[in-house]
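Visitor: I'd like to ask you about the structure that follows.
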Amino acid sequence: MATLPATAPSQPVDPAQAQGAQIPLQDFSLPQFPPQAGGLKALTLTSDIKLDEYTNLLKNDVATLPQLPRGIESLTLELFSLGYPPGFLSALSERLPNIKSLVIYSQLFSGITEESQKDAEAFFEKAQNLRALHLLDVFARPHFFGAVGPKLAKRQKGLMFLEVNYSFRHEDEDFLTRVPAPELPSLIGPGLITCAFNVSTPDVTDDPEDPTNIDEEGKERQGKKEGVMAFNKTQSPVLVEKLTEEDTRPRGLKVLNTTLYTLSLHSLGKILAAHKGLLVLSATVEVEPTEECKKELLEVLQACPDLEQVEIVGNPSLQFYMAISNPRQQALEKAFPSAEDLQQLSAKCPKLISFKANVLRTTSMGTVEWTKEGGFWKGGVTRPNDTAETSTTR
């Protein structure tokens, strides 16, 4: 039943020695665990349910689960695309009262019915020891995160690590409309050390049978799209509010990623002023191809003297798009810091060793990458088919 990831399937692990178990499910029945498996710390449940059987299983499966090893502290739920039958998640939470880390991957977690959604809410209500929550390409019915988030945030011992990630899908024109932008920030609470609302680039393959490489007519796509899109700044006020208001803002935040939401430089400055102890920052920001824009960016970064790594994802204005199409206008150089600029910033942020910038995580419009080595800033702007325009300063 339990195999270690590095072990071939033909070499089963002694249940008494296994620390983790991965179980593929063709329905919602879990196997009995032998007494020797009492030392398990991690459990992964992966859906192997056939799509044409899924809906009937949601209606007919009765959520009766066996006793599970109570020492399990890490739970991963993968690929349950249509959610779970009512009662399954709350029963699972009761069987695993010591869960500290939860990873949910690629699914409609709250299911397709109101009963399933209520059960998913009950799951979180019973998971009182939860400290780390990772939501990776997780969708839900309306109001689910709005109901769960405040309850998690108000706990005396709440979340310490929050990761929300969506892999952008160019082939899905309604992708961003299905991501609950107004609700997700409700997960923010005072105990967070790491807080990430990330949008990542899609995986790129050369496989002609990969659905992302096939158009509506079944032919291979030409000129594949790259990069991401982020919510525009009209969706960011609730995020700024949760990160800065006294009753919700994290008290010891060290790592912050807000790339799913576009911020104005003013909003970014407001956030950084509330989190002066930040070590790592990734943010999507409105950018203009001007020295004034760069100057304001450098000023807001100075609020966090302990910064070590910065990534700025530029969400360009129309003016920026027009400027970047002409390399002679040097839009990237005007909008983002030079080696000399970073040297001056280092006086305020002496621990800073990495600065990266891009335009919506594309490479075709060029990228900026600087690293500090031995007191020198090395790197610069890289454009397609060009070598890096390097610069070095002490």
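Visitor: Just a yes or no: is a residue in the range 306-321 over 26 Å from the mean Cα position of the chain (by Cα), closer than 28 Å to K270 by Cα and touching a residue at least 24 places away in the same chain (Cβ under 8 Å)?
Guide: Step one: list which residues in the range 306-321 are over 26 Å from the mean Cα position of the chain (by Cα), which gives 318-321.
After this cut, where a residue has to be closer than 28 Å to K270 by Cα as well, the list is 318-321.
With the extra rule that they be touching a residue at least 24 places away in the same chain (Cβ under 8 Å), the set shrinks to 319-320.
Looking for residues that are over 26 Å from the mean Cα position of the chain (by Cα), closer than 28 Å to K270 by Cα and touching a residue at least 24 places away in the same chain (Cβ under 8 Å), one finds at least one in the range 306-321, hence yes.
Visitor: Still on this structure, I have one more. Those residues that are closer than 25 Å to D52 by Cα and out of contact with any Ser or Thr (no Cβ under 9 Å at 6 or more places or on another chain), I need them from the range 66-89; list them, please. Lay out the reasoning, then the answer.
Guide: Step one: of the range 66-89, the residues closer than 25 Å to D52 by Cα are 76-89.
Residues satisfying the conditions do not exist here.
Visitor: Restricting the search to the range 123-139, which residues are in a loop (DSSP other than H, G, I, E, B) and either within 12 Å of L184 (Cα to Cα) or of a type in the set (K, R) (or both)? Break it down stepwise before answering.
Guide: So in the range 123-139, the residues in a loop (DSSP other than H, G, I, E, B) come out as 127-131.
The answer is R131, and nothing else.
Visitor: Report yes if S90 is in contact with a Leu (Cβ under 8 Å, 6 or more places away or on another chain), small (G, A, S), in contact (Cβ under 8 Å) with a residue 24 or more places away in the chain and outside any strand (DSSP E or B), otherwise no. Explain how you work it out, then say what you get.
Guide: Details: in contact with a Leu (Cβ under 8 Å, 6 or more places away or on another chain): no; small (G, A, S): yes; in contact (Cβ under 8 Å) with a residue 24 or more places away in the chain: yes; outside any strand (DSSP E or B): yes.
Judged against the criteria, S90 is not a match.
Visitor: Filter the range 23-36 for residues that are more than 22 Å from I104 (Cβ to Cβ) and either in contact with a strand residue (DSSP E or B) (Cβ under 7 Å, 6 or more places away or on another chain) or surrounded by fewer than 13 Cβ atoms within 10 Å (Cβ to Cβ) (or both) and give the result.
Guide: Hits for the range 23-36 are Q32, P34, P35.
Visitor: Moving on. Quickly run through the range 333-352 and pick out the residues that are buried (at least 16 other Cβ atoms within 10 Å of the Cβ) and aliphatic (A, V, I, L, M).
Guide: Answer for the range 333-352, where residues must be buried (at least 16 other Cβ atoms within 10 Å of the Cβ) and aliphatic (A, V, I, L, M): A335, A339, L342, L345, L352.
Visitor: Hey, among Y105, Y84, which residue is closer than 18 Å to L130 by Cα, aromatic (F, W, Y), without any contact (Cβ under 8 Å) to a residue 60 or more places away in the chain and not in a helix (DSSP H, G or I)? Before you say what the answer is, go through the steps one by one.
Guide: Numbers: Y84 fails: closer than 18 Å to L130 by Cα.
After ruling out the rest, the residue left standing is Y105.
Visitor: Give me the residue from the range 140-181 that is in a strand (DSSP E or B) and surrounded by fewer than 19 Cβ atoms within 10 Å (Cβ to Cβ) and, out of that set, farthest from the chain's Cα centre (by Cα). Give the derivation first.
Guide: Step one: of the range 140-181, the residues in a strand (DSSP E or B) are 161-167.
This time we only want the ones that are surrounded by fewer than 19 Cβ atoms within 10 Å (Cβ to Cβ), so: 161, 163, 165, 167.
Working: F161: 11, E163: 5, N165: 2, S167: 8 Å.
The residue in question is F161.
Visitor: Among the candidates E291, E333, E296, which residue alone is within 22 Å of V240 (Cα to Cα) and not basic (K, R)? Outline the logic, then answer.
Guide: Working: E291 fails: within 22 Å of V240 (Cα to Cα); E333 fails: within 22 Å of V240 (Cα to Cα).
Result: E296 is the single residue among E291, E333, E296 that is within 22 Å of V240 (Cα to Cα) and not basic (K, R).
Visitor: Condition (residue is charged (D, E, K, R), touching a strand residue (DSSP E or B) at 6+ places or on another chain (Cβ under 7 Å), crowded, with 16+ Cβ neighbours inside 10 Å and not in a loop (DSSP other than H, G, I, E, B)) applied to the range 365-379: is it met by at least one residue?
Guide: Within the range 365-379, the first condition is being charged (D, E, K, R), and the residues that meet it are 369, 372-373, 378.
Now drop any that are not touching a strand residue (DSSP E or B) at 6+ places or on another chain (Cβ under 7 Å), which leaves 369, 378.
Checking which are crowded, with 16+ Cβ neighbours inside 10 Å leaves us with 369, 378.
Cutting the leftovers down to not in a loop (DSSP other than H, G, I, E, B) gives us 369, 378.
The answer is yes, given that some residue of the range 365-379 is charged (D, E, K, R), touching a strand residue (DSSP E or B) at 6+ places or on another chain (Cβ under 7 Å), crowded, with 16+ Cβ neighbours inside 10 Å and not in a loop (DSSP other than H, G, I, E, B).
Visitor: For the range 151-165, does any single residue satisfy the condition of being closer than 17 Å to M229 by Cα and either in contact with a Ser or Thr (Cβ under 9 Å, 6 or more places away or on another chain) or touching a residue at least 40 places away in the same chain (Cβ under 8 Å) (or both)? Spell out the reasoning first.
Guide: Looking only at the range 151-165, we keep the residues that are closer than 17 Å to M229 by Cα, and these are 164-165.
From the residues that got through so far, the ones that are either in contact with a Ser or Thr (Cβ under 9 Å, 6 or more places away or on another chain) or touching a residue at least 40 places away in the same chain (Cβ under 8 Å) (or both) too are 164-165.
For the range 151-165, residues closer than 17 Å to M229 by Cα and either in contact with a Ser or Thr (Cβ under 9 Å, 6 or more places away or on another chain) or touching a residue at least 40 places away in the same chain (Cβ under 8 Å) (or both): present.
Visitor: In addition: For the range 355-362, does any single residue satisfy the condition of being closer than 22 Å to L279 by Cβ, of a type in the set (A, V, I, L, M, F, W, C) and exposed (fewer than 15 other Cβ atoms within 10 Å of the Cβ)? Reasoning before the result, please.
Guide: Of all residues in the range 355-362, those closer than 22 Å to L279 by Cβ come to 355-358, 361.
Adding the requirement that they be of a type in the set (A, V, I, L, M, F, W, C) leaves 355, 357.
Applying the additional criterion that residues be exposed (fewer than 15 other Cβ atoms within 10 Å of the Cβ) yields none.
Checked against the condition, which is being closer than 22 Å to L279 by Cβ, of a type in the set (A, V, I, L, M, F, W, C) and exposed (fewer than 15 other Cβ atoms within 10 Å of the Cβ), the range 355-362 yields no hits at all.
Visitor: Can you tell me how many residues within the range 1-38 are touching a helix residue (DSSP H, G or I) at 6+ places or on another chain (Cβ under 9 Å), assigned to a loop (DSSP other than H, G, I, E, B) and at pLDDT 90 or above? Talk me through it step by step, then tell me what you get.
Guide: So the first thing to find is which residues in the range 1-38 are touching a helix residue (DSSP H, G or I) at 6+ places or on another chain (Cβ under 9 Å), and the list is 1-2, 14-19, 21, 26-28, 30.
If we keep only those that are assigned to a loop (DSSP other than H, G, I, E, B) as well, we get 1-2, 14-19, 26-28, 30.
Filter once more, so that each one left must be at pLDDT 90 or above: 26-28, 30.
Here the count works out to 4.
Visitor: May I ask you to list the residues in the range 45-78 that are outside any helix (DSSP H, G or I) and loosely packed, with under 15 Cβ neighbours inside 10 Å? First the steps, then the outcome.
Guide: Taking the range 45-78 and keeping what is outside any helix (DSSP H, G or I), we get 45-50, 61-78.
Listed by number, the residues that qualify are D48, K50, V62, T64, P66, Q67, R70, G71.
The values are calculated or read from the model by the stated rules, or taken from the named source; none is laboratory data. Worth saying up front: this structure is predicted, and the values here are computed from it rather than measured. Virtual Cβ from ideal backbone geometry, glycine too; neighbours counted across all protein chains shown.
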